[in-house]
Amino acid sequence: MPFGTLDPRAFELIVRDLFDEKKVEATWDWYDTAFRINDGSDNGIDVQLMKDRVIVGIVQCKRYSSKAFTMPEVRDEWIKICLRSLLIRDLLPPDGLPFRYILVVSDNVNGETQQYFQQNPTALADFIGRKTDYLKALVAVRDKYALLRKSPLLKEKTGQALYDMVHPQFERLNIELYTRESLSPLVRASDNLMGIYFRREVYFSQKSGNGANLLI
C-alpha cells in the first residue's frame, strides 16, 4: 500500500487507529489503550500503548517516500528514547517492567535491520555486541538534542557513563518491526481504516476492458 505518499501525521494516525482496533484481539490484548502523542512533543514516541493506565509499549512511525531504514538509524532511535527516559518521568514503564518498542515504517528496512528484528526479540544483543558503536552514538545523540545536551545529569558524561546509565533500559526493551509488506494486509483487512484513509476506484482500460483495483 502507498503509505509513503501520505503525510507523516496521516501515517501516524493510521498506525494509531490500527493498534486501537487490534487491542480486542487475543494476540494483541497485552494493552488496552492506544493514543497518539501530540505533534511536536512526542520525545521520539508517536503512539503510546497502555495497560491499566501503565505504559507497556511505544510505537515509532517512520514515513518515507523511498528509503530503507538502517540499523544505525534504529540504534539512534533506541538511544534517544532511553536517554530521554532518564529525564522524563513516565516516558517508559516503571523500573524493572518490560516494555515493547515497535518500529513501523512506511516502506522497508535494509537487510541488516530486517535480519536483526527477525532473529532477536530484544535490543540487548545489539547493545552488547556493538558496544563500540554505542559508545560513540550515545555521545552523538546526547549532543544532538538540546534537552539531552543541556541536562545536568547527562551533559558531562562520557560514552561509557551513558552506556552504563541506559543499560537497564536495554535489558527490558522488547522489539517488533512492521514494514510496508507486513503492515499492508493489516490495514486492508480493516474496512474502517480503508474507508477513512483510502478509497477504492476501478479504472477500466479502454483497450482491454479489464478493470484494476487501485488504492488512492
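Close Lys pairs in region 1-132 (alpha-carbon distance under 23 Å; sequence gap of 8 or more, or different chains): 7. Computed from the coordinates I sent, Cα extents along the principal axes in Å equals one of (1) 99, 43, 37; (2) 69, 37, 33; (3) 56, 33, 32. Tell me the label. Computed from the coordinates, Cα extents along the principal axes in Å corresponds to (2). Computed in the context of the full set of protein chains, the accessible area of the chain at 1.4 Å probe radius has 50% of its extent on carbon or sulfur.
Across the chain, Cα pairs under 8 Å and at least six residues apart give a relative contact order of 20 percent.
In terms of the Cα gyration tensor, with a ≥ b ≥ c the square roots of its eigenvalues, is region 90-144 rounded because a/c is under 1.5, prolate because a/b exceeds b/c, or oblate? Rounded, since a/c falls under 1.5.
For region 39-149, the solvent-accessible area works out to 47 Å² per residue, with a probe of 1.4 Å and every protein chain left in place.
Paramagnetic label reach from residue 28 (point 7 Å along Cα→Cβ; backbone nitrogen cut-off under 13 Å): within region 177-194, residues 183-194. Which FRET efficiency, nearest 0.05, do residue 133 and residue 190 yield, Cβ-Cβ r, R0 25 Å? For R0 = 25 Å, the calculated efficiency reads 0.05.
Here residue 155 is the anchor, and the aspartates and glutamates within straight C-alpha reach of less than 12 Å, apart from those fewer than 8 places off in the same chain, are 143.
The values are calculated or read from the model by the stated rules, or taken from the named source; none is laboratory data. Remember, predicted model here, so these are calculated numbers, not experimental data. Positions of Cβ are generated from backbone atoms using ideal geometry, with glycine treated the same way; all protein chains shown enter the neighbour counts. For accessibility, only protein heavy atoms count, side chains too; no ligands or nucleic acids. Shrake-Rupley method; radii C 1.70, N 1.55, O 1.52, S 1.80 Å.
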